[in-house]
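Working notes, structure below.
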Amino acid sequence: MRWANTKLIFLREIRDQLRDRRTLFMIAVLPMLMYPLLGMVYFQIAQFLREKPTSVLVLGALNLPESPPLFENDRFSPTLFSKPQAADLLNLTFYNQGSDLWTPAPEDPLEKAREAVRTGQFDAAIWFPSNFADELDRFRLVSESGVLEVRKGEEAVGPETLPSIPRPEVIYTTSNEKSQITFSRLQRVLHSWNKAIGKRNLAAVGLAPEAALPFEIQGDDLAEAAGTRGMAIWAKLLPVMLLLWALTGAFYPAIDLCAGEKERGTLETLLCSPALRSEIVVGKLLTVMLFSMATVILNLISIGITGLFLMKQMPGIGPVPLAAVGWLLVVLVPVSALFGALCLALAAMARSSKEGQYYLMPLLLIVMPLAILPMIPSVEMNLGFSLIPITNLCLWLRSAVEGQYAVLLKYAVPVLGVTVVCCFFSIRWAVDQFNRESVLFSENERNDLGLWLRHMVRDRQPTPKVGAAFLAGALILVAMFFLGLTMPVPEGFGGLVRTVMVTQLGVIVAPILILTFLLTTRPAKTLLLNRPAWRVAWKTVPMAILLAALLHPLAFAIQALIARLYPIGPEAQALQGLIASVPSFWQLFLLAAVTPAICEELAFRGFLLSGFRHSGHKWQAIALSAIFFGMTHTIVQQSIMTMMVGLVLGYLAIQSGSLLTTIAYHMTHNGLALMTTLVTPELLARHRWFASLVDTADGGYSYQTPVVIVTTLLAIVVFGWFYRLQHGETDEEQLQGAIHHGQALGDEPLGPE
Amino acid sequence: MIRVNGLVKHYADLRRGHFVAVDRISFHAKPGQIYGLLGPNGAGKTTTLRMLSTVLQPTGGQASINGYDVLTQAPQVRREIGFISANTAIYDRMTAWEMVECFGRLHGLEGDELHGRMENLFDRLAMNDIRDRLGGKLSTGMRQKVSIARAIVHDPPVLIFDEATAGLDVLVARALLDAVLELREHGKCILFSTHIMSEVQRLCDRVAIVHRGKILTEGTLPELYQRHGEDDLEELFFGLISRHDEALARVPDAPISTDKPLSSEGGLS
C-alpha cells in the first residue's frame, strides 16, 4: 500500500466533504446550535413545571389537631416550608360535610377524591381519618405518662402500648408528572408537620426538640476536592453520547463517500485509477474517522459551553474535568476507527445514498444494546466485560470520566486489543466490499425478495450460494429463538431427550435438508457426503478423533477460562445438573454427542459452509459458519467455545472434503466433554496415572499445564497432516487464488457447471 | 497493445439467472488504431471494457494491456489506460483543475511535469475558462472535457471510451470525436465502444460487432462489407444481429457461426 495515494485520496475526500453543506451542517452547525437550544428549552420547561402551582383536595381537615397548625388561611402553614412563599404552590380545596364541591354529596368521598385525581380534576388529594386528632392526642398522653413512669423508676413504655395513629392518605398518580410533583411537595410539607408534632410531644414532657434527632450526618464528598462533583451522571451519559456522536459523525460521510460516489458514477472512475482498493478504503476511512472525531469534539465543546451556564442551576453536578476530556479524546481514536470501518463497509453495500440511510437503524440496533449495557448498575469493568466490543469502550470511558485512572490502565491492553482486532476485521470487511463486483455494480433489482427466491430455486447450482447459506443460518437462529421461548425447561431425562430431538431434528436438520433439496442440484456434494467424502474417510476419521482427543485438554482449559470470565448463570448450572443426572453414560453420549454431531455438522459444515465458500475466501467461510454455529447455542459461555470449535471443524471440513471427518471430531469432542462429568475423587484415586495428569485445586479439576502444552503441540502436528491434504476449491476460491498467486485463468472458464 | 483472448464473464442475475455476459471474445488492437466495439445495449460492450479496465474480473480467458494481464497485474494495467465512460463521472465538489490534478497525482505525476501537462491539456481542450469552476456547475459537454483531461493527463498508451458521446449535443459530440482522432494521431491505441454507426464509420480502423456477449464479425469496414456482401454498415449490422437471433431461437444451445474464421492478425479465435 502506498501512503502517497492514501494521503491523496484522504485530502481529496476531506476537501469534498468540507464543500458539502449538508455534512458541515450535521457535523459543525447542528451541535453548536442544538445544545444551547436544548438546554434553554429544558430549563424553561423545568422552571415552568417547578413554578406552576398544583391543586390539592383536602378531605377531613376538621379532624386535625389545632396545634401545630397544618393549615393557615386556607393554605399550608408557611412555617412548614424552608421558603415560606412555597406554600403558594399548593392550591388547596377543602371538602367537609356540607361542602358544595360535589352535589349531590357523594356516599364515599374518598372514592370520589380518587376519581377526581384520576380524571385530572385535582393533581393530588389528601385525606385525614375522622379520629386522627383524637388518636394523636392519645398518643401524646400515653407517651407523656410513659415518660413519667420511667422517671418514677418504672419500666419504659413499649411500642405495643402506644396507640397506632391512623395514617393520612395522599392520593396521586404516577401516570401524570404534575401529580408526581404535587405528591413530592405534599410529602415534604407533611414531613415537616410530622417533625413539628414530634417536637411538641417532646416539649410536653420537658425534653429538648433535638432529643429525637440527637446528631446530624456530615457528608464529605471527595469529588468536591477532586473537582469531579456529580461525575457519576457524566460517567454514565458521556460514553453513550460519545459513541452515538462518533457513529453518526462517521455514518453520513461514509454514505456520501461510498453510496454517494456510486450514485454519481465517480467510484468507477476512482477504481480505474492506479490506486489500490486498500488505498481507496484507507483514504476514505481516515476521512470518515476525522469527521467522526470532529463531530465528537464539536459536540463536546458545545455541550461544555452550554454546560458552563447550566451547571449553575444544577448544584449536584460539576463540569467534566479536563483530564477526563483528554482521556475521552484518546479513546475517541479507536472508537472512530471502528465505527468508520463499519459504516464504510455498510455504505459500500448501498446502491444509493437513500438506501444507505436505511442501514443506520440496524447498525444502531447492534451498537446501542452494547453501549447501554454498562448503564446497568451492577456492570463494572472486569476482564470479562473488557473483552466485549463497544461495551468495553463505554466502561473504559466511564473509568476515565470518574477519574479512576488505575482501572483505565489496568484494562488498557484487553480493551484496546479487542478494539484493534474489531477495527482490523471491520477494515478487512470494508476492503472486501470494495472488491466485490456484486456490491460495486449491484443493480436495483437486488432487493426484490420474490425475484430473489425465484432465482434461488430456478437457478440452482450444485452447491448453495452465499445468500442461501445466510438464509439457512438466519432460519435456524429464528427458529431457535422461538423454540427457546416456547419450549419448557427440560425436566428429567425424558424432557432432555424431547428438547434435544426437537432442536436437532426439527430446528436444525429439517430446514437444512429441505433447503438442500430445494436450492441445490447435488445434495451429496453440498453436505460433503459424496463419493470422495466416503473415500477419504478411512484416514481422515481416525485423524479427526485423534485431533479431538489431543485438543481436549486445551478446550477444557479454555472452557474453564470462559467460565471464570463470564460466570455461568443458575439456568445453565441447572442444565449441567440435568446432564449429570442422566442414568447411563451411553444414553447421554447418544443424546449429547452423537445426535448433535450428525445434525449440526449437516447444517453448519454441510450446507452453510458449502454456501459461504462461494465468497471466494476460505477463512471467511469458516468464520461465518463458526459464528452461526456458536450463535445457535443459547448460553453465551457455550457460544464462545462452540465458535472456537466451529473454526476447527470448518477447517477440517474443507481440508478433508468429508462431513464424516467433522462428525467424528464433533462426536469425540462432545463425548470427552461429557466424560469430564464422570470424573470423581474416587476415580482419580483408583487411576493414579490419570490423577497425575490433572490438577485438583479449587475443588474442581483441570489438566496440568504441561499436559495442555504437549497435547496442543501434538495437535499442531495433526493439523499439519490435514494441511497437506489435497482439497477441492470453489470457482470463487480459484479466482481469488489466481489473483493472489498472479496466475492467469485456465482456458476453461469458471462458472456454473 | 490490447490483446483479448477467449474472454468470458458470467453473471448471476435475478431475472435472467446465470447468464454469459461476455462469451469467449477475442480481438487485438494496436497502437495508432481506433478499435470499435459496435453493438446494441446489453451486448456486453461495457462488461468487456470494465474487465479491460480491471474494474471487473473475468470468469475465463485472458486479456492484456501493453503486456500486463488484467487479472493478475491490475495495478500495472490501470497505469496504462485512460477510461472515459458514458456518464461523465466527475466530482461535483471539485474544480476542473483540482480533479485533473488529483488523477495526475494518482498516476505518480508531480510538480512541474504535472502542471506543465495540465496547462497543455487545458489549452488543447479549451478548458481554461472552467478551470476553477466546480464540477457540479459544469454543463455536460464541459464535464466530458474534464473527463477526457482526467483520463489522458498521465499520457496513457491505451484509451478506452465507453459510449462517450451518449447524452452529448451534436457540437460537443463532434468535438469529442475530433479529440479521439487527434489522440490516434499521437499513436494511442483506442478502444471505442458505441452503438452509433456513423461514429464507427468516421473513427474506427477496425470494428467488432458485438451481440449477446459474442463477437459476430470483426475486421476493417471494407473487409466486413466484402465478407458479408453489404455496402451499408447499418444493413450489415441489422442483418447479422437478426440472423444470430433467429439461429438462437431455433437451437438455443448450439454454437452459431455468423462469420468466416479470419486468418488475419487479430481475428476471431
Worksheet, complete the sentence: For region B:73-191, averaging the sequence separation of alpha carbon pairs under 8 Å that lie six or more residues apart and dividing by its residue count, the contact order in percent is 38
Fill in: Folded to 0 to 90 degrees: helix A:322-349 orientation relative to chain A principal axis, Cα
50
Worksheet entry | Kyte-Doolittle at least -1.0, axis length at least 15 Å by Cα - qualifying DSSP helices, chain B | B:96-106, B:140-152, B:170-185, B:233-250
Discussion item. Between region A:657-684 and region B:1-80, how far is it from one alpha carbon centroid to the other, in angstrom?
Written reply: 54
Fill in: Centre separation in Å (Cα based) which lies between region A:85-120 and region A:627-644
61
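Expressed as cubic angstrom per residue, what is the convex hull volume of the alpha carbon set of region A:346-396? Display every interim value, and only then the final one.
Numbers: hull volume 3.9 nm³, N = 51.
Here the figure is 77 Å³ per residue.
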Worksheet, complete the sentence: If one compares the long axis through the Cα atoms of helix A:360-372 with the longest principal axis of the Cα atoms of chain A, the angle in degrees, nearest 10, works out at 60
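Using a/c under 1.5 as the rounded threshold, could you call chain A rounded, prolate or oblate? The axes a ≥ b ≥ c are square roots of the C-alpha gyration tensor eigenvalues, and prolate needs a/b larger than b/c, oblate otherwise. Each step should come with its number before you reach the end.
On the way: a/c = 2.44, a/b = 1.69, b/c = 1.44.
Here chain A falls in the prolate category.
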Worksheet item: When the Debye formula is applied to the Cα atoms of region A:598-720, each taken as the same point scatterer, what base-10 log of I(q)/I(0) results at q = 0.23 Å⁻¹?
Response: -1.30
Worksheet entry | Of A:LYS7/A:LYS465; B:LYS137/B:LYS214; A:LYS7/A:LYS410; A:LYS7/A:LYS618; B:LYS145/B:LYS188, pairs whose Cα-Cα distance is over 29 Å | A:LYS7/A:LYS465; B:LYS137/B:LYS214; A:LYS7/A:LYS410; A:LYS7/A:LYS618
Worksheet item: From the backbone phi of region A:405-411, what are the Karplus-calculated ³J(HN,Hα) couplings (6.51 cos²θ - 1.76 cosθ + 1.60, θ = phi - 60°) in whole Hz, Gly and Pro given as x?
Response: 6, 5, 5, 4, 6, 4, 9
Worksheet entry | Share, in percent, of DSSP beta bridges within the protein assembly as shown that are antiparallel, nearest 5 | 50
Worksheet item: By how many degrees, 0 to 90 and rounded to 10, does the Cα axis of helix A:109-118 deviate from the longest principal axis of chain A?
Response: 40
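The numbers here are math on the coordinates, done by the rules we state, and not lab data. Here the structure is a predicted model, which is why all the values come from computation and not from measurement.
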